[in-house]
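Step one of this worksheet: look at the structure below.
The values are calculated or read from the model by the stated rules, or taken from the named source; none is laboratory data. What you are looking at is a predicted structure, and each value in this text was computed from that prediction instead of being measured. Because the Cβ atoms are built from the backbone with ideal geometry, glycine has one as well, and the counts that use them run over all protein chains shown.
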Amino acid sequence: MTGTRALVVVLVAAAAIATTVWTYTARGALHEDLPPAFASRTNPRLDDPAAAAAGAAIFQSNCASCHGDRADGHGIAAVGLTPPPANFRGTDVLARHSDPYLFYRITEGKPGTAMPSFHGALAENERWAVISYLRSLAPDVAHR
């Protein structure tokens, strides 16, 4: 009976691990609720060397108050926000999301958060430049 009990414990543990991995993967990079108008978009500034620099300036003017000067989620306006602004440096936020998803969120905002729509505030090429800037950031492993 001891061998059977051990086998049951191993099988239950394996099922728990498999469920955890599946749940994380299901919420991972490829599971994004995107409207069809955004799902097939591609970043036209992907190979534009000036895009990241332009995006950095746009980010500082429009996003840093919440997301922080370092894009770490610690901007002066972030205090008390629930949920807090995304930390693009010390987390896997960028790894979990495609450029079309980021474009969608910058364009439309995110309901249930303080993230506003920048549709009327930033031109389309400026929104793509911000994404190019975010993709250029090195992760801050000290603050994960």
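Quick one: is A71 in a helix (DSSP H, G or I) and either more than 19 Å from A129 (Cα to Cα) or small (G, A, S) (or both)? When the stated conditions are applied, A71 does not pass them.
Considering only residues that are under 18 Å from the mean Cα position of the chain (by Cα) and modelled with pLDDT of 95 or more, which ones fall in the range 44-57?
Applying the first criterion (under 18 Å from the mean Cα position of the chain (by Cα)) to the range 44-57 yields 46, 52, 55-56.
Once the filter is applied, which keeps residues that are under 18 Å from the mean Cα position of the chain (by Cα) and modelled with pLDDT of 95 or more, the range 44-57 yields A52, G55, A56.
Scanning the range 88-123 for residues that are touching a residue at least 12 places away in the same chain (Cβ under 8 Å) and under 12 Å from R45 (Cβ atoms) gives D99, F103.
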